[in-house]
Amino acid sequence: MRTRTVLLALLCTGALVTSTACSVQKPSEGGDATANCGAGRDFLIGMSQANNAEPYRQVMNNDVRTAAKSVPGLTVVVADAAQDNSKQVADVENFLTQKIDLLIISPNEAKPLTAVVQKAYDRGTPVIVLDRKVEGEAYTAFIGGDNVAIGRAAGEFYANTLLPDGGKVLEITGLPGSTPAAERAQGFREGIAANPKVDVVASQPGDWLREKGQSVADALLKAHPDAAAVYAHNDPMAEGAYLAAKAAGLHTKVKFTGIDALPVPSGGIKAVEQGRLAATFQYATGGREAVDLARRILVDCARDVPRTTTLDTMRITRENATEAYARLGGGA
Amino acid sequence: MTHLRAPGEESGTPVTTAGVAVGGHRRWRPPGGRGELVERLFAVQSLFALLVVFVLAIAVSPRRDGEILFLSTENLGNIVRAVSEIGIIAVGMTFVVLLGGIDLSVGAILGLSAVGTATLMVDSGFGILPAVAVVLLIGALFGAVQGYATARLGIQSFIVTLAGLQVARGLARIWSGGLGIPIAYGDGPQEAPPAFEFLNGSINGVVPVPAVLFVGIGVAAIVVLRKTAFARHVYAIGGNEKAARLSGVPVLRVKVAVFAIAGLLAAVAGIIHAGQLNQGSPNDGAGYELDAIAAVVIGGTSLAGGTGSMGGTLAGALLLGILNNILALNNIDANVQLLIKGLVIVAAAGLQKLRRSIV
Amino acid sequence: MSDQVLVAMSGIAKRFGGVHALRGVDLTLRAGEVHALLGENGAGKSTLINILSGVVTDHDGQISVGGEPVRFAGPAAAQAAGIATIHQELDLVPALSVAENLVLGREPRTRLRTLDRRAMTRAARDWLGSLGAEIDPRRPVGSLRVGEQQLVEIAKALSLDARVLVMDEPTAALADAEVRRLMSTIHALRGRGVAVVYISHRLEEIEHIADRATVLRNGEVAGTLRPDRADRQRIITLMVGRPAESLFGAGSGGVGAPSPPGPAVLEVDDLAVRPRVTRPGRCEPAGVSLTVRAGEIVGLAGLMGAGRTELLETLYGAGPPGRHTGLLRLAGRPYAPRGPRRALRAGVGFVPEDRRRSALVLEHPVGRSIVLAALRRFTTAGVVRGGRERDAVRQQIAALAIRTSSTTAPVGALSGGNQQKVVFARHLLTRPRLLLLDEPTRGVDVGAKAEIYRLLRRLADDGMGILLASSELPELTGVCDRIVVLRRGRAVAELPADGCTGEDILTAAMGGASAGGVDR
């Protein structure tokens, strides 16, 4: 009985593997991207997202979906890798099995996804890489923000508008070792260089987390009760810092800024609109821009799309918050 | 309990002097009785389930230009490749679960091994074989220490390996500095031998190498589990540790060996992981232990220990792979996918319960 | 003792399947009396008590409490009628304090509906004090000694207005000092007019404390008497009854003529074990000397808790770790039992008492269960050689006449007797020179029992030495060549099976006058 069971087991696994080996090989899709294009046709776009659980990436997915709706013929399917490189590789492979016409990918990490992105590109599937890059040149276009520029914009805002007379600044950084954290710190220092009276007196990691930002700010404010402002590397940490200051009774004295400006109820734009943050700086998702590129590649058969698109940031203060929220699709 | 018993009160039955067995045999069943029949059915249950899922997948597979996408060569290869790491871990997990234990550390050992592979080859300039040997040794040792702790100190393996999970993750973070170590190929410094890329390749350009390794390890494990005295000891300990001890089974040695195997196979999976993703990251393999346990459970191995089969585990792993694949091909929402997988696991466990109530 | 009858049970009968557990039993309990209940395992004591305490409800016969006929719907009803039972496994929550246990389920509250700890502690102290027990009510019950826990349980029963207190083997796990304390407590209870039903095997205790004793045998009352030292033999005779027909063929000296004993297989000289951790309820060897020769079946007798199982486990290396003193020789060579694995290699086999808990996995196939201990013999380079294994299994199944549908059928599908034979087969496959058996026929039907007895004799005739622990007197007298009696971990008597009766064994085991045996 057991022998038969095992034989059956072997047979099944064997069948799975050999059917892999024996079934007819499909002729390579080959061809270049422009062969499969033109107006009036239907296109399937695969959107491989690194992690749906982050609000920023949710907004990115929404932007892609919303933008795609306005282009006739485009259908977008989204796969969530849940922060798992292997899962994202499988997601892309499954898209290829489905013969998608274009891949939009926001990679979880660069190196592990390079190979599969290259595989897609080599088959003639146009690839638009969003937010984080992959290695090498095997993609059609990259769209991303410039964290140094964002940091610089924030720094200039501090130097010229927020603290023209100078003051002590506390910095709450993102996850140590992550590129955006390093760049946002670097850009900020470039920005405030114009005003030597603005001084970063302390810098502590908040790991992008609201609760971590709160506890770090709590400690920092105890050490520097005379601080004039808190520069947080994202909005949740800025909100956390605001809560810590409020508990210490310093929230009216100290000013807070964040980065990201997500158009969602819990996002930074609302926090600015409601007066908790003095300003936030948009880190664009690139979703709309990606769909726009996709439209040009698929519908317009454009061959010369820009290889790199750097997204501009936007400063959001009390004056433009309401308008920006609506324009970026908040509440939609 | 052990009172003295006076004569003549043997259940009121007249005592016979003849040596012929009288009555009794309440639970004896004729050959092919219900119990055995059910056992027989359940022995192939997981394979049957695999077959059902396979056929269903063909049925609901999206098609394009008349081609069943699910059945494409490449897709089938992808399925086995995608499930190979979980599958290899699940093979080790099967030994542990048969023993009546659980190993929560395998995902973390995978991460540690991936980091180790990358660091040794890229930063320390190891060749492929030395690097692989060191990583395998670390994995096996890590498992053996856990096995020793649970067997000798009598701490439940759940707790020991929960601690082991933390330790392995911590070691991986320390070793890697908290960041993923990318593997670049070449002959220069800070580059790994290009031959290591074969893990990312496929045989004849069709069958992925990790899939071959998975099937090979699985078949080897089936043979071990069927043919060796070691496996008998594993089943005996899992079924009734006291009985095993009283029957002269070297309980400590077997437990250490089983956890060492689990650690070793997790290390194998870690090496494959590094090879497939060209990177070793300390967070790799997070949660893989749960997928492996799911494969084992779907395969019909009882978490109580003592009963189960390796063939079931392989079937369970492939079933999970097919499920993942067909749900993705149909673009089922990621959250709904989780629900469906949860239901499948509960259904498998329910079948186990049903078996026990019938036999 | 007054003449006021608290409880009268009359014509109590109860059947389990086709077996009469009780037949027409009458029992009266008077206020202020200690009533001992005696009888062997299976005599019906437990059933009677379960009926009295409302655990068993579907019985025949009448119960009246204080003259009123009652019918208990369950244990709670019996408790409400004032009948409290103190089981061997005490019903206390170890993590809670003494006071908390005493008021469990009826905790006093303050006006704010919070726990009134002060009232709790005061009440607990009162109840315990009335028993003359000085136990801090704030201590967790788990930290108390067994004797103290018993007092707490008695106090709890009294606090619930119990008029009848049933105590099941209350001294089984007590040290001598605690026994004396319990005796004086029972004395005090008697003074309060409480009726105590006292179950024990220790005749000296019963003589000391009981006003009357009822002896049960085969579910019937064999007699009621005033226990007295002079009556000890009478009690034993009442308990044992007349010997029934033998399972063991003609004569009491075993099946067939005993072969002349060969050289000593096992020599035990003054073996004692001091375990590193004392486990309650265990009685490790404390001075055992005995010899088992090749071709000989030596019986090991003793009351519950006398240390039979513990002795066998020690000889097999399966006891708790600790310091061993005394000399052990196996086939003439010094022998240190350091674990079952070594014991097996040295040629010692052990069939444990509880086969389901200690020997078998019911889901595992028969063949694999048989071959487990001797796997080494069929293994080359770690691989089990199926052909040789199958041959050995088939041979054992045939030799022991194990009735199974196939070698792959689960052990659980076999009858109790055949399961036991599987365990035998497992150990016989290792070719032991000494076989240790602990209650080898428990839960085995009559036919299989006879088969096992004949098997034992055959093995002995083939030169094996067998040490057989049993609580069944006919088994000891019928199967064994000699019988060693244990009491509290010590070997107290060695009786020749020839001409030895169950009464002799009981007498030695209970510490009574020696009857024909050799006192040590």
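Tabulated data
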read-out: Gaussian network model of chain B, springs between alpha carbon atoms under 10 Å - residue of B:229, B:82, B:90 with greatest fluctuation; value: B:229
read-out: Karplus-derived HN-Hα couplings along segment A:221-229 (A = 6.51, B = -1.76, C = 1.60, θ = phi - 60°), whole Hz, x at Gly and Pro; value: 5, 5, 6, 10, x, 8, 5, 9, 7
read-out: Alpha-carbon Rg with Dmax, taken over segment B:51-193, Å; value: 19.7, 62
read-out: Residues C:494, C:310 arranged by fewest to most Cβ contacts within 10 Å; value: C:494, C:310
read-out: Listed residue pairs exceeding 21 Å between alpha carbons, taken from A:246/A:270; A:111/A:212; A:168/A:255; value: A:111/A:212
read-out: Inter-part distance where segment C:164-201 and segment C:85-153 are each reduced to a Cα centre, Å; value: 19
read-out: Efficiency of FRET from Cβ geometry, residue C:143 and residue C:177, R₀ 22 Å, rounded to 0.05; value: 0.75
read-out: Backbone N under 13 Å from the residue A:219 label point (7 Å along Cα→Cβ), restricted to segment A:170-185; value: A:172-173
read-out: Radius 11 Å from Cβ of residue B:210, net charge of other residues (Lys, Arg +1; Asp, Glu -1); value: 0
read-out: Rounded tilt (10° steps) of B:128-152 against the dominant C-alpha axis of chain B; value: 30
read-out: 10 Å-binned pair-distance histogram of chain A (Cα, whole percent); value: 6, 23, 27, 19, 13, 7, 3, 1, 0
read-out: Hz values of 3J(HN,Hα) by residue in segment A:252-267 - Karplus curve (6.51, -1.76, 1.60), Gly and Pro given as x; value: 8, 7, 8, 9, 10, 10, x, 9, 2, 6, 6, x, 10, x, 8, x
read-out: Over chain C: Kirkwood hydrodynamic radius from C-alpha pairwise inverse distances, Å; value: 25.3
read-out: Rounded if a/c under 1.5, otherwise prolate or oblate - segment B:124-259, Cα gyration tensor axes; value: oblate
read-out: Proxy reagent accessibility, fewest Cβ within 10 Å first, across A:111, B:353; value: B:353, A:111
read-out: Two-site FRET efficiency, residue B:190 against residue B:129, from Cβ-Cβ distance with R₀ of 30 Å, rounded to 0.05; value: 0.95
read-out: Rounded tilt (10° steps) of A:287-298 against the dominant C-alpha axis of chain A; value: 30
read-out: 16 Å cut-off, amide nitrogen to a point 7 angstrom out along residue C:95 Cα→Cβ, residues in segment C:115-159; value: C:140-143
read-out: Helix axis angle, C:146-159 relative to chain C longest principal axis, alpha carbon, degrees; value: 40
read-out: Charge dipole magnitude, Cβ of K and R +1, D and E -1 - chain A, Cα centre, debye nearest 20; value: 560
read-out: Per residue, the convex hull volume that the Cα atoms of chain B enclose (Å³); value: 184
read-out: Rounded if a/c under 1.5, otherwise prolate or oblate - segment C:397-477, Cα gyration tensor axes; value: oblate
read-out: Shape call, segment B:70-118: gyration tensor on alpha carbons, a/c limit 1.5; value: oblate
read-out: Sorted by Cβ density within 10 Å, fewest first, the residues A:133, A:197; value: A:197, A:133
read-out: Qualifying lysines (Cα of each under 20 Å from Cα of residue B:255; at least 8 residues distant if same chain); value: B:227, B:242
read-out: Global size of segment B:218-321 as Cα Rg and Dmax, reported in angstrom; value: 15.3, 49
read-out: Long-range tail of P(r) for the protein assembly as shown (Cα pairs > 54 Å, %); value: 42
read-out: Angstrom value of the Kirkwood radius, inverse mean 1/r, which spans all Cα pairs in segment C:324-363; value: 12.0
read-out: Residue A:71 paired with residue A:146, simple spin-label distance in nm, labels 7 Å along Cα-to-beta-carbon; value: 2.5
read-out: 15 Å cut-off, amide nitrogen to a point 7 angstrom out along residue A:179 Cα→Cβ, residues in segment A:46-78; value: A:50
read-out: Percent antiparallel among DSSP beta bridges (both partners in segment A:221-332, rounded to 5); value: 30
read-out: Cut-off under 5 Å, modelled amide H: who pairs with residue C:85 long-range; value: C:166
read-out: Orientation-averaged projected area, Cα convex hull of segment A:182-332 (nm²); value: 10.8
read-out: Summed residue charge, Cβ within 11 Å of residue C:321's Cβ, Lys/Arg positive, Asp/Glu negative; value: +4
read-out: Net charge of Cβ neighbours under 14 Å - reference residue B:92; Lys, Arg +1; Asp, Glu -1; value: -3
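Bear in mind these aren't lab numbers, they're just calculated from the coordinates by the rules spelled out. Small disclaimer: the values here were computed from a predicted structure and weren't measured. Using ideal geometry, Cβ is built from the backbone for each residue, glycine included, and neighbour counts are taken over all protein chains shown.
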